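Undergrad: Sharing a structure, written as structure tokens. Questions coming.
The values are calculated or read from the model by the stated rules, or taken from the named source; none is laboratory data. These numbers come from a predicted model, not from an experiment. No Cβ is skipped: glycine too gets one built from the backbone with ideal geometry, and neighbour counts run over all protein chains shown.
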Amino acid sequence: MKPPAQAILLAAGRGERMRPLTDVTPKPLLVVQGKPLMQWAMESMARGGVDHVLINTAWLEEQIPAQFGERLCVSAAEKGELEMSISYSHEGRDFGDALETAGGIVRALPQLADVFWVAAGDVFAPEFDFSRQAVDRFRASGRLAHIWLVPNPPQNPRGDFGLAADGTALSAAPEGEPSYTYSTIGLYRAEFFAMPECNIAPGNPNGVRLGLAPLLRAAMKDAKVSAELYQRSWADVGTPQRLAALNEPEGRSAPH
């Protein structure tokens with residue numbers, strides 16, 4: 001038996017806006033700067049100390065384990081060769097389709113640690129540090145979730161959430177204050193996905209589909225979510241045009 005995974009990488013979606021590329025390839029496997037998009041996050045996780053990641057799958061899901069198998073070896077300048085174990089939650093096989101973000105996480109919950117990273121396999125953030133120090137700070141905070149926000153990209157000019165001066169995440173920015181976009185990267189406690197906010201049975205045996213945003217907003221109303229602003233390279237690879245831009249030489253900086 002593998003120990004619980006310290007991270008879940010979301011890779012189940014259909015990627016409708018990326019068609020026709022995603023008609024034959026899952027979006028997280030599309031190549032960015034020489035490697036599958038999701039591999040950038042996996043390697044960053046391994047370098048940060050994650051030694052077991054769980055990947056949820058649905059669309060063309062057999063391609064992802066065929067690409068990565070059960071382990072990924074990563075070279076780290078100061079740490080030598082690192083090996084990260086990989087597990088899978090096959091939503092397509094079990095339910096015929098993706099369960100959305102929260103539904104998929106609850107399905108995988110029995111395989112996850114009590115505190116775990118969540119990241120999306122279709123976001124490019126090559127400099128993000130999935131550090132153990134961040135996990136330790138989060139454990140000590142008493143919050144149920146800690147999320148990273150980014151300046152609003154052109155495709156989301158109104159943003160998602162606000163950020164108070166004390167680091168509390170807000171479901172809406174106060175009038176006159178900036179809002180920010182959820183980067184899709186966060187730390188969560190397993191209890192975040194428990195009643196009363198989340199009414200899905202543990203392990204989601206019935207395959208209930210549920211998004212993450214409603215749960216975050218409910219928890220934010222009780223000041224249970226903290227956040228910080230991330231201003232390094234980040235891109236939501238949501239269209240063929242954004243993918244092409246990242247693969248151009250001038251796109252290597254991955255602007256917001």
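Rundown of residues vs (1) buried (at least 17 other Cβ atoms within 10 Å of the Cβ); (2) modelled with pLDDT under 95, yes/no style:
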| position | (1), (2) |
| --- | --- |
| 10 | yes, no |
| 13 | yes, yes |
| 21 | no, yes |
| 45 | yes, no |
| 53 | yes, no |
| 56 | yes, no |
| 61 | yes, yes |
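Undergrad: From the list 27, 2, which one is exposed (fewer than 14 other Cβ atoms within 10 Å of the Cβ) and either without any contact (Cβ under 8 Å) to a residue 12 or more places away in the chain or among the charged types (D, E, K, R) (or both)?
TA: On the way: 27 fails: exposed (fewer than 14 other Cβ atoms within 10 Å of the Cβ).
That would be 2, the only listed residue that is exposed (fewer than 14 other Cβ atoms within 10 Å of the Cβ) and either without any contact (Cβ under 8 Å) to a residue 12 or more places away in the chain or among the charged types (D, E, K, R) (or both).
Undergrad: For residue 3, only one of the following conditions fails: (1) of a type outside the set (Gly, Ala, Ser); (2) more than 25 Å from residue 147 (Cα to Cα); (3) at pLDDT below 95. What is its number?
TA: (2)
Undergrad: Would you check which residues across the stretch 226-235 are part of a strand (DSSP E or B) and surrounded by 20 or more Cβ atoms within 10 Å (Cβ to Cβ) and list them? I'd like the intermediate steps shown before the answer.
TA: Residues of the stretch 226-235 that are part of a strand (DSSP E or B), as a first pass: 226-229, 235.
Those that are part of a strand (DSSP E or B) and surrounded by 20 or more Cβ atoms within 10 Å (Cβ to Cβ): 226, 227, 235.
Undergrad: Quick check on residue 172: is it free of Cβ contacts under 8 Å to residues at least 60 places away in the same chain, surrounded by fewer than 14 Cβ atoms within 10 Å (Cβ to Cβ) and out of contact with any Ser or Thr (no Cβ under 9 Å at 6 or more places or on another chain)? Working first, answer last.
TA: Values: free of Cβ contacts under 8 Å to residues at least 60 places away in the same chain: yes; surrounded by fewer than 14 Cβ atoms within 10 Å (Cβ to Cβ): yes; out of contact with any Ser or Thr (no Cβ under 9 Å at 6 or more places or on another chain): no.
Judged against the criteria, residue 172 is not a match.
Undergrad: Something else about it: Could you check how many residues of the stretch 119-167 are modelled with pLDDT of 95 or more and on the phi > 0 side of the Ramachandran plot?
TA: Number of matching residues: 1.
Undergrad: Would you be able to tell me the number of residues in the stretch 215-225 that are part of a helix (DSSP H, G or I) and of a type in the set (Gly, Ala, Ser)? Steps first, please.
TA: Taking the stretch 215-225 as the starting set, the residues that turn out to be part of a helix (DSSP H, G or I) are 215-221.
After this cut, where a residue has to be of a type in the set (Gly, Ala, Ser) as well, the list is 218-219.
Selection size over the stretch 215-225: 2.
Undergrad: List every residue pair whose Cβ atoms lie under 8 Å apart, where the two residues are 6 or more positions apart in sequence or sit on different chains, the first residue falls within the stretch 200-212 and is under 16 Å from residue 90 (Cβ atoms) and among the aliphatic types (A, V, I, L, M), and the second residue, located anywhere, is at pLDDT 95 or above and assigned to a loop (DSSP other than H, G, I, E, B).
TA: From residues that are under 16 Å from residue 90 (Cβ atoms) and among the aliphatic types (A, V, I, L, M), there are no pairs.
Undergrad: Here is a further query. Would you confirm whether or not the stretch 222-233 contains a residue that is at pLDDT 95 or above, farther than 18 Å from residue 134 by Cα and under 19 Å from the mean Cα position of the chain (by Cα)?
TA: Scanning the stretch 222-233 turns up no residue that is at pLDDT 95 or above, farther than 18 Å from residue 134 by Cα and under 19 Å from the mean Cα position of the chain (by Cα).
Undergrad: Oh, and also: Would you be able to say whether some residue in the stretch 86-102 is touching a Phe, Trp or Tyr at 6+ places or on another chain (Cβ under 9 Å), within 27 Å of residue 205 (Cβ to Cβ) and surrounded by fewer than 16 Cβ atoms within 10 Å (Cβ to Cβ)?
TA: yes
Undergrad: Okay, next question. Here are some conditions: (1) surrounded by 14 or more Cβ atoms within 10 Å (Cβ to Cβ); (2) outside any loop (DSSP other than H, G, I, E, B); (3) more than 15 Å from the chain's Cα centre (by Cα); (4) modelled with pLDDT of 90 or more. Residue 74 meets all but one. Which one does it not meet?
TA: Residue 74 satisfies all of (1) surrounded by 14 or more Cβ atoms within 10 Å (Cβ to Cβ); (2) outside any loop (DSSP other than H, G, I, E, B); (3) more than 15 Å from the chain's Cα centre (by Cα); (4) modelled with pLDDT of 90 or more except (4).
Undergrad: So which residues in the stretch 1-13 are out of contact with any helix residue (DSSP H, G or I) (no Cβ under 7 Å at 6 or more places or on another chain), of a type outside the set (A, V, I, L, M) and not in a strand (DSSP E or B), if there are any at all?
TA: Pass one, the stretch 1-13, residues out of contact with any helix residue (DSSP H, G or I) (no Cβ under 7 Å at 6 or more places or on another chain): 1-3, 6.
From the residues that got through so far, the ones that are of a type outside the set (A, V, I, L, M) too are 2-3, 6.
The answer is 2, 3.
Undergrad: Tally up the residues in the stretch 155-171 that are in contact with a Leu (Cβ under 7 Å, 6 or more places away or on another chain) and either among the acidic types (Asp, Glu) or not in a loop (DSSP other than H, G, I, E, B) (or both), please.
TA: Going residue by residue through the stretch 155-171, those that are in contact with a Leu (Cβ under 7 Å, 6 or more places away or on another chain) are 161-164, 169-170.
Restricting the remaining residues to those that are either among the acidic types (Asp, Glu) or not in a loop (DSSP other than H, G, I, E, B) (or both) gives 161-163, 169-170.
Summing the residues that are in contact with a Leu (Cβ under 7 Å, 6 or more places away or on another chain) and either among the acidic types (Asp, Glu) or not in a loop (DSSP other than H, G, I, E, B) (or both) in the stretch 155-171 gives 5.
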